[in-house]
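> I have a structure here, written as structure tokens, and I will follow up with some questions on it.
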């Protein structure tokens, strides 16, 4: 029953150290739903699948510039460059591109 999107949720959980609660907040799903994805009982579809893909891209990029153990903290902190909004909230609203722009500045300091 698991799809590539469910497998991606597992990868995010493992590599970025994100809890079911945090993944759920980012993709608009209850923690119990995320646990079903993580256990292969179901898979995200539609907007949730797109948010899983967005979260995956964001966490992959963050892992290149910060300690993966810190990713969850970064996602929850108000970021000045995002008008003091939390990245996790923007991802949940489908505004991952704004978060990606901030990460670009981390990837290439001085270029932004």
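> Within the group 14, 36, 20, which residue is under 18 Å from residue 75 (Cα atoms), without any contact (Cβ under 8 Å) to a residue 40 or more places away in the chain and crowded, with 19+ Cβ neighbours inside 10 Å?
20
> Yes or no: residue 52 closer than 14 Å to residue 10 by Cα and in contact (Cβ under 8 Å) with a residue 60 or more places away in the chain?
no
> Being assigned to a loop (DSSP other than H, G, I, E, B) and modelled with pLDDT of 95 or more is the filter here; which residues of the range 95-112 pass it?
95
> I've got another one for you. It is to be established whether one or more residues within the range 49-64 are assigned to a helix (DSSP H, G or I) and more than 25 Å from residue 105 (Cβ to Cβ).
yes
> Please verify whether the range 12-35 includes one or more residues that are within 14 Å of the chain's Cα centre (by Cα), closer than 17 Å to residue 106 by Cβ and either in a helix (DSSP H, G or I) or at pLDDT 95 or above (or both).
yes
> For residue 90, which of the numbered conditions (1) touching a residue at least 60 places away in the same chain (Cβ under 8 Å); (2) more than 17 Å from residue 8 (Cβ to Cβ) fails to hold?
(1)
> Okay, moving on. Residue 67 versus (1) touching a helix residue (DSSP H, G or I) at 6+ places or on another chain (Cβ under 9 Å); (2) more than 16 Å from residue 91 (Cα to Cα): which is the lone unmet condition?
So residue 67 meets the others, but not (1).
> For the range 66-87, enumerate the residues that are in a loop (DSSP other than H, G, I, E, B), within 17 Å of residue 23 (Cα to Cα) and either touching a residue at least 60 places away in the same chain (Cβ under 8 Å) or in contact with a strand residue (DSSP E or B) (Cβ under 9 Å, 6 or more places away or on another chain) (or both).
Within the range 66-87, just 86 meets the criteria.
The values are calculated or read from the model by the stated rules, or taken from the named source; none is laboratory data. All values derive from a computational prediction rather than experimental measurement. Backbone-built Cβ (ideal geometry, glycine too); neighbour counts: all protein chains shown.
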